[in-house]
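Quick notes on the structure that follows.
Coordinate-derived values only; no laboratory data. None of these values were measured; they are calculated from a predicted model. As a convention, Cβ positions derive from the backbone with ideal geometry for all residues, glycine included, and neighbour counts pool all protein chains shown.
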Amino acid sequence: MLGPRVWASVRPGLSRALSRNVGAQASGDGRKVDIAGIYPPVTTPFTVTSEVDYGKLEENLHKLGTFPFRGAVGGVCALANVLGAQVCQLERLCLTGQWEDAQKLQHRLIEPNTAVTRRFGIPGLKKSMDWFGYYGGPCRAPLQELSAAEEEALRVEFTNNGWL
């Protein structure tokens, strides 16, 4: 983890390197991809004397500047336990540069994903797994099963996005 002093010294170069249009093409139509404001995780290289290797960092930033970042840098894919094929399809669409289709699919996945990760957590994930024919099983203490109202709210998140 980088300390505040290191980030303060690196931030200007990082910002310049990543807040520009790159020559990569999106969807094969010749458009440039705007990666302004997107900050992917960057491994910080160190020298043998434990100092930041700014030369290597700059080289890494130049390499990163050629990638068409669209905002996704990873995921906690709890939703893949329920909609695994769709989560994998999202990755395939991104890897093949089909950004508009990927965005449409991602927007349909956001609410159910938020429901099973943040809003209802493990009990919500288990309930949705049951709906899709998987074994979610009972919640272990101290977690509680969803109430009827919570279960209905969870169902709405999946139904509104076309999954149920």
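Computed quantities for the displayed model
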quantity: Mean projected area (nm²) of the alpha-carbon convex hull when the stretch 72-164 is viewed from all directions; calculated: 6.1 nm²
quantity: Loop sites in the stretch 90-164: chymotrypsin sites (Phe, Trp or Tyr not before Pro), DSSP, at most 15 other Cβ within 10 Å; calculated: PHE132, TYR134, TYR135
quantity: The stretch 95-164: trypsin sites (Lys or Arg not before Pro) falling in loop per DSSP and having at most 10 other Cβ within 10 Å; calculated: ARG140
quantity: Label point distance in nm, ASN160-TRP131, each placed 7 Å from Cα along Cα→Cβ; calculated: 1.2 nm
